[in-house]
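The structure appears right after this line, and notes come after that.
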Amino acid sequence: MLRLGRREFDEHEPVIMAIVNRTPDSFYDQGSTFQDEPALARVEQAVAEGAAIIDIGGVKAGPGEEVTAEEEARRTVGFVAEVRRRHPDVVISVDTWRHDVGEAVCEAGADVLNDAWGGVDPKLAEVAARYDVGLVCTHAGGVEPRTRPHRTEYDDVMADILRVTLGLAERAVSLGVRRDRIMIDPGHDFGKNTRHSLEATRRLGEMAETVPQALGFARAGDTPLPVLVSLSNKDFVGETLDKPVKERVLGTLATTAVSAWLGARVYRVHEVAETKQVLDMVASIAGHRAPAVGRRGLA
């Protein structure tokens, strides 16, 4: 069971996390949700289309103009409070690596801290424990926030992903973060070249099936930690298909289907409605969801 905010998600329930960028220079939308009203409209649309989690980010992931912690908080804290006011039951996530920003957004009503840079600020997990919120533990290859990988090598990329994410999860639990509030993320593109991200996808089942016993906090009846994948329109999709950012949706959805089949649970996305159709179809093929209608061959 995954418990975030007021919501509980069953083992076979796919969870959509909709991206809302509060940045003027997002790689995907070039700042279309930087202002409050377009961002709030995006939240309304995402919830209507089936998103259970809204992931709010105040800093572009890639290189660019420096954004201080104060500016990041200015872009996110008030917005979190307004989304919470309008949507009391939606799960609110904030994409940040900074503990002081994490504390401010938790005070404003956030339910999850999405640490996409792999514990670079160790105090962020302490904030998650103190506020009893969810935490995403991500493999980022040890790179500094907002830097691109350079000649990155792994003896075994999935072994490193498991070592890092389960290690971060173990530490979070030792600090007081509840196990049913933790997700692990292989970190596609982060600290990885395209071949690494493709291999991480191909071997995602290993991540989805691993119970973290070796790290000392598994107990009788424990299940693997939920896997979150952030695939949406990323560079590894673009390089694989040689497509620019705006032409990566089909590649993203194909990768989403494979990830769902291999056991991913949470999907951080731009295209909510399209992703929901893919996840519903995979769930029905797997036998976890009945078809929406059943007329064929019955009349």
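FYI, it's all coordinate maths here, none of it is from the lab. Predicted model, so just to flag it, every value in this text is computed and none were measured. Note: ideal-geometry Cβ built from the backbone for every residue, glycine included; neighbour counts use all protein chains shown.
For Lys243, a cut-off of 18 angstrom between C-alpha atoms picks up these aspartates and glutamates, skipping any fewer than 8 places away in its own chain: Asp29, Asp189, Asp235, Glu271. Filter the cross-link list Lys246/Lys276; Lys123/Lys192; Lys60/Lys192 down to pairs whose alpha-carbon distance in this structure exceeds 23 Å. Beyond 23 Å: Lys123/Lys192.
For Ala39, the shell of other residues with beta-carbons less than 13 Å away shows a net charge of -2, using +1 for Lys and Arg and -1 for Asp and Glu. Potential lengthening of the chain between Thr223 and Glu153 amounts to 22.2 nm, from the contour at 0.36 nm per residue minus the alpha-carbon distance.
Look at the dipole of the stretch 2-286 built from charges on Cβ: of Leu124, His139, Ala169, the Cα furthest out on the positive end belongs to Ala169.
Looking only at trypsin sites (Lys or Arg not before Pro) in DSSP loops with at most 14 other Cβ atoms within 10 Å, what is the longest site-free stretch of the chain? Looking at the chain, 7-150 is the longest stretch - no exposed trypsin sites (Lys or Arg not before Pro) with at most 14 other Cβ atoms within 10 Å. Post the alpha-carbon centroid distance, the stretch 77-144 to the stretch 3-72, in whole angstrom. Taking the Cα centre of the stretch 3-72 as reference, the centre of the stretch 77-144 is 12 Å away. The modelled label-to-label distance between Asp132 and Arg7, using points 7 Å beyond Cα along the C-beta direction, is 2.0 nm. Taking only DSSP H segments of four or more residues, each worth -39500 (n - 2.57), what value at 222 nm results for the chain once the sum is divided by all its residues, to the nearest 500 deg cm²/dmol? The per-residue figure over the chain is -12500 deg cm²/dmol.
Counting Lys and Arg as +1 and Asp and Glu as -1, each charge on the Cβ, what is the dipole of the chain about the Cα centre in debye, to the nearest 20? Mind dumping the intermediate values first?
Numbers: 37 positive and 47 negative charges, 138 e Å.
About 660 debye.
Beta bridges from DSSP with both residues in the chain: antiparallel share about 10 percent, rounded to the nearest 5. At full extension, Arg74 and Glu209 could sit 44.7 nm farther apart than now, given 0.36 nm per residue minus the alpha carbon distance. Among rounded, prolate and oblate, which fits the stretch 2-286 when a ≥ b ≥ c are the square roots of the eigenvalues of its C-alpha gyration tensor, a/c under 1.5 means rounded, and a/b larger than b/c means prolate? Taking the square roots of the gyration eigenvalues as a ≥ b ≥ c, the stretch 2-286 is rounded. Taking other residues whose beta carbon is less than 12 angstrom from the beta carbon of Gly50, and scoring Lys, Arg as +1 and Asp, Glu as -1, yields -4. In loop segments of the stretch 143-215 as defined by DSSP, the GluC sites (Glu not before Pro) with at most 15 further C-beta atoms inside 10 Å of their C-beta are Glu153. The residue among Ile92, Thr33, Gly251 whose Cα reaches farthest toward the positive pole of the charge dipole of the chain, with charges on the beta-carbon of Lys, Arg, Asp and Glu, is Gly251.
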